[in-house]
Amino acid sequence: MKRYISVIILSLFAVSALYSQSRKKDYSLQVDSVLSLMTLEEKIGQMNQYSNDRQNTGPVINNQDHLREIREGRVGSMLNVTSVTRANQYQDEAMKSRLRIPLLFGLDVIHGMKTIFPIPLGEAASFDLELMRKTAEIAAEEASAHGVHWTFAPNVDVSRDARWGRVMETSGEDTWYGKQVAKVRVEGFQGNGYENRNRILACAKHFAAYGAAVAGKDYAEVDISENTLHQVYLPPFKAALDAGVATFMHSFNEINGIPAAAHKYLQRDLLKDTWGFGGFVVSDWGSVGDLAKHGYAKDIKESALLSALAGCDMDMCSESYIKNLEQLIKEGLLDVALIDDAVRRILTKKFELGLFDDPYCFNRREHELDDKNINGKYRDIAREMGAKSIVLLKNEAALPIANSVKNIAVVGPLNKSQWDMLGNWSALGKPEYVITVLDGLKKALPKANISYHEGYNFRNNELLEMPDLKNYDLIIVAVGEKSMESGEAKSKVDININKNHQQLVKNLKENSDCPVVALVMGGRPLVFKDMEPYADAILITWWLGVEAGNSIADVLTGKYNPSGKLPVTYPQHSGQCPIYYNTKRTGRPWRPKAQWVTGYMDATVLPAYAFGYGLSYTQFEISEPTIDKNAYDMDSKISVKVTVKNTGKYKGCETVQLYLQDVAGSITRPVIELCGFRRVDLEPNETKEIEFILTSGDLGFFNAKNEFVTEPGDFKIFVGNSSDNLKSTQFELIKK
Ligand code: GLC
């Protein structure tokens, strides 16, 4: 019997070998053939995922015998497998199972595998979509060379609350921009198919609205209106789906009383039925089993039932499915057709990857695994992305570093740390490959006399004695977060930079006669009002990855003129969180010195730095926007033209932003919302005209019934270099 089955499976390999095309190929014949051979337990095994016991990213389940369970066909996927050797060991066991169905290996390749790029929030500040696509491609190149088939990325959560630690993994607070980034990252990871074994499955996460956790507390409940869910949080997921994302991951949180793990409307009705998603949904770590903790299921068995009914196809690390689904089928509580649907979705991805042709096909590029080769090959891209991610917030005659500068003090352990430049979620990134700020500056300024001073104790942030600073021509101090201060389960109530860090900047300024440049590192918007007056220049340098030091040196020396723009609002007070630019107007919109308006009695509503803000070493002049008509109908293309001139002495890049306001809608609309941007490179004195084309679809929104509509009426169009520095015009949209 076993021989007979092997013959069938082997012939299937042959059949699928003929079809090993891109992921668009229809594998339903092969999938149904395999499905017809599977026992119920083997089907449920495909829906079960365990973590490699050597690298856990969640609460560990003890006493598991993964190898035995894989041999018994009870495991469909392993995550956190980070070496070909380990992948081969697991796959070898799968090849001993009755049907020899290959395992799928997943890993959080969030901003690079070995060549670590800036954290996603940093990359988002570049507003360079093509470069973001490229870094995702490189991440896929390297991950697939390590036997990884699937990354749990991109994180497409819209994040408006800087208290939430996972802001660092996202593209920030804006929904429209989040859609653009979701698209390029999915396309970067997945390419046009997997036949070259150098692109991997992507995963849109965390579905949904995880960034709206109450008070920025990770895993906390999300209590938002259906309209906010559709208008703000779901569109980037739809963009990922439209880009062909292979998988979704549901989120830990509940949405309005229903945990995402058991959210049938989200996973089955909307995602699979309305949006037509053909891939599969994986849970987050243990989230199926957590349903009992949510108080939504009475026990692990009911958790499995509710999550399977809701449309979750694979259970990550809770054992809920493998221990309960078979009994639920036998009790008639679950239809085997639902199991078959989930398994079809999972097997289809395995066929698309070519794993049935050759279960080890992603494990044959070991020759590329040499660290030097991988880390050497892509450093230039990492360096470019790092420089483009830097946001210049303030510069009062400090930068770029003048040739006359000879004695430079580099202050603060973050300027020397390799580990922290990798940021959280750094996969196989190795600190030893990171160029620190200190090293980058020494390499860029070989003739300068650069000396390092600790400034504060890295462990407890206590201030340390500083030498006489009078001889220095420039001081470069790094302040902010260590890399493990942002990420999962890293929420904060206070997003002020440590008071001693800020005091250090003040001390440096008051005890020296030279410019003080502050590098603000971190994975989220931070508050630094106290130090701000004492820093002559302030740059947001996130955590920039392996080339951090070179990227920062390129900007400080002017080799790269900073062009980054904030993808998140920087508040003046933690208490302003959540704060975001595209707020609703209210009936009493804020205005200076007015009473009876929205705001606070003890602080301003204004941010420290607005969404879209970022300076350059040169200056740009952006004209008033011009449109070709005063009124358009629903079929019109709306042309918005604007000229940009470089009026300064450095060549540079300006990101011209386009915002719109729907003056009056059937529900209230944001004060403004981003609907376009263009990065414009200009030589000194050069002028360029750029044109944005809008259609009525770009003016649409989800109405009170959550239908996407475009309503006639007045619209305002804004252009500028930041959400708080705009020029406007207006037009009327008329019903034909
Ligand atoms: C974690 C994270 C998720 C990640 C998964 C696997 O808990 O929430 O983003 O992909 O588990 O590591």
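The values are calculated or read from the model by the stated rules, or taken from the named source; none is laboratory data. All values derive from a computational prediction rather than experimental measurement. Reconstructed Cβ throughout: ideal geometry from the backbone, glycine too, with neighbour counts over all protein chains shown. Accessible surface areas use protein heavy atoms only, side chains included; no ligands, DNA or RNA. Shrake-Rupley method; radii C 1.70, N 1.55, O 1.52, S 1.80 Å.
How big is the Kirkwood radius of the stretch 389-576, worked out from every pair of different alpha carbons and given in Å to one decimal?
Numbers: mean 1/r = 0.0607 Å⁻¹.
The answer is 16.5 Å.
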**Q.** Interchain or long-range residues, amide H under 5 Å from Val281's placed H
**A.** Phe248, Asp313, Met314
(Q) Please list 3J(HN,Hα) in residue order for the stretch 628-644, calculated via the Karplus relation 6.51 cos²θ - 1.76 cosθ + 1.60 where θ = phi - 60°; whole Hz, with x for glycine and proline. (A) 7, 9, 8, 9, 10, 9, 4, 9, 6, 9, 9, 9, 10, 10, 8, 10, 10
Q | For the stretch 620-734: lysine pairs under 21 Å (alpha-carbon distance), excluding those fewer than 8 apart on one chain | A | 15
Q | Geometric extent, Cα atoms of the chain - Rg, Dmax (angstrom) | A | 26.6, 86
Q. Using the alpha carbon gyration tensor of the stretch 541-670, what are the three equivalent-ellipsoid semi-axes (square root of 5 times each eigenvalue), largest first, in whole Å?
A. 32, 26, 14
Q) What angle, in degrees between 0 and 90 and rounded to the nearest 10, separates the Cα long axis of helix 28-37 from the longest principal axis of the Cα atoms of the chain? A) 50
(Q) Can you give me the Kirkwood hydrodynamic radius for the stretch 620-734, using every pair of distinct Cα atoms, in Å to one decimal? (A) 14.9
Q: Take the Cα of Asn460, step 7 Å along the line toward its Cβ, and report every residue of the stretch 489-509 whose backbone nitrogen sits under 19 Å from that point.
A: 498-504
Q) Where both partners of a DSSP beta bridge lie in the chain, what percent of those bridges are antiparallel, to the nearest 5? A) 55
Q) For the stretch 588-655, max minus min Cα coordinate along each principal axis, in Å, sorted largest first? A) 43, 42, 17
(Q) Which one, Ile339, Leu508, Val405, projects farthest toward the positive side of the charge dipole computed for the chain from Cβ point charges (K/R +1, D/E -1)? (A) Val405
Q) Once phi is turned into ³J(HN,Hα) by the Karplus curve 6.51 cos²θ - 1.76 cosθ + 1.60 with θ = phi - 60°, what whole-Hz value does each residue of the stretch 660-674 show in order, with x for glycine and proline? A) 9, 10, 8, 4, 8, x, 6, 9, 5, 10, x, 4, 8, 8, 4
Q: Starting from the Cα of Lys134, draw a straight line to each of the lysines and keep only those under 19 Å, dropping any in the same chain fewer than 8 residues away.
A: Lys114, Lys179, Lys183, Lys377, Lys388
**Q.** Label-point gap, in nm, between Thr626 and Glu396 - each point 7 angstrom along Cα→Cβ
**A.** 3.9
Q) Using only Cα atoms, what Kirkwood radius does the stretch 438-543 have, in angstroms? A) 14.6
Q) How fast does the stretch 253-407 diffuse by Stokes-Einstein, in µm²/s, taking the Kirkwood radius from C-alpha pairs at 37 °C and 0.692 mPa s? A) 166
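Find the all-direction average of the projected area of the Cα convex hull for the stretch 332-401, expressing the result in square nanometres with one decimal place.
Answer in nm², one decimal: 11.0.
Distance cut-off 22 Å, Cα to Cα: go down the list Lys394/Lys559; Lys217/Lys238; Lys470/Lys509 and report the pairs above it. Before the final figure, lay out the partial values.
Details: Lys394/Lys559 18 Å; Lys217/Lys238 25 Å; Lys470/Lys509 10 Å.
Where the Cα-Cα span goes over 22 Å, the pairs concerned are Lys217/Lys238.
Relative contact order for the chain using alpha-carbon pairs under 8 Å, separation at least 6, rounded to a whole percent?
Values: 1800 pairs, mean separation 98.2, N = 736.
Reported relative contact order: 13 percent.
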Q) Of the trypsin sites (Lys or Arg not before Pro) in the stretch 668-717, which ones lie in a loop per DSSP and count no more than 13 other C-beta atoms within 10 Å? A) Lys705
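Can you give the longest run of the chain that contains no chymotrypsin sites (Phe, Trp or Tyr not before Pro) sitting in a DSSP loop with at most 12 other Cβ atoms inside 10 Å? Intermediate results must be reported in sequence, preceding the final value.
Details: sites that count: Trp596, Tyr600.
Answer - 1-595.
For the stretch 620-734, which whole-number percentage of the solvent-accessible area (1.4 Å probe, protein heavy atoms only) is attributable to carbon and sulfur atoms? Walk me through the intermediate numbers first.
Details: 2340 of 5200 Å².
It is 45 percent, rounded to a whole number.
Do any trypsin sites (Lys or Arg not before Pro) in the stretch 36-129 lie in a loop, going by DSSP, with at most 10 other beta-carbon atoms within 10 Å of their beta carbon, and if so which?
Numbers: sites: Lys43, Arg54, Arg68, Arg71, Arg74, Arg86, Lys96, Arg98, Arg100, Lys114; in loops: Arg54, Arg74, Lys96, Arg98, Arg100, Lys114.
Hits after loop and neighbour filter: Arg54.
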Q | Zone of Thr228's modelled label, taken as backbone nitrogen in the stretch 652-668 under 17 Å from a point 7 Å along Cα→Cβ | A | 667-668
Q: Heavy atoms only, probe 1.4 angstrom, no DNA, RNA or ligands counted: give me Val642, Val597, Val214 ranked by accessible area, highest first.
A: Val214, Val597, Val642
Q. Per-residue HN-Hα couplings for the stretch 63-80, Karplus 6.51 cos²θ - 1.76 cosθ + 1.60 at θ = phi - 60°, whole Hz, x for Gly and Pro?
A. 6, 9, 10, 4, 4, 5, 5, 5, 4, 7, x, 9, 9, x, 7, 10, 10, 6
(Q) Given Cβ point charges of +1 (Lys, Arg) and -1 (Asp, Glu) and nothing else, what value in debye, to the nearest 20, does the dipole of the chain about its Cα centre take? (A) 500
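Once you mark the GluC sites (Glu not before Pro) that are in a DSSP loop and have at most 14 other Cβ atoms within 10 Å, what is the longest gap between them in the chain?
Numbers: sites that count: Glu331, Glu396, Glu462, Glu465, Glu686, Glu707.
Looking at the chain, 1-330 is the longest stretch - no exposed GluC sites (Glu not before Pro) with at most 14 other Cβ atoms within 10 Å.
If you take the beta carbon distance between Glu532 and Asn88 as r and set R0 to 60 Å, what does 1/(1 + (r/R0)^6) give as a FRET efficiency, to the nearest 0.05? Kindly include the intermediate steps, with their values, before the conclusion.
Details: r = 54 Å, r/R0 = 0.90.
Here the calculated transfer efficiency is 0.65.
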**Q.** Average accessible surface area per residue within the chain, 1.4 Å rolling probe, Å²
**A.** 37
Q.
Can you give me the long-range amide H partners of Cys675? Hydrogens built in the peptide plane at 1.01 Å from N, cutoff under 5 Å, separation of 5 or more residues or another chain.
A. Leu658, Tyr659, Leu660
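How long are the three semi-axes of the equivalent ellipsoid of the stretch 513-613, in whole Å, if each is the root of 5 times an eigenvalue of the C-alpha gyration tensor, listed from largest down?
Numbers: eigenvalues 200, 48, 27 Å².
They are 32, 16, 12 Å, listed largest first.
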Q: Calculate how steeply helix 379-389 sits against the longest principal axis of the alpha-carbon atoms of the chain, using the helix alpha-carbon long axis, and give the answer as 0 to 90 degrees to the nearest 10.
A: 60
Q.
Under the √(5λ) rule applied to the eigenvalues of the Cα gyration tensor, what semi-axes describe the equivalent ellipsoid of the stretch 200-343? Give them in Å, descending.
A. 23, 19, 12
**Q.** Degrees between helix 336-353 axis and first principal axis of the chain (Cα, 0 to 90, nearest 10)
**A.** 60
**Q.** the stretch 548-631: trypsin sites (Lys or Arg not before Pro) in DSSP loop, at most 13 other beta carbons within 10 Å
**A.** Lys559, Lys593, Lys629
Q | Rg(Cα)/(2.2 N^0.38 Å) for the stretch 413-452, N = residue count | A | 1.31
Q: Distance between Cα centroids, the stretch 444-516 to the stretch 137-180: provide it in whole Å.
A: 29
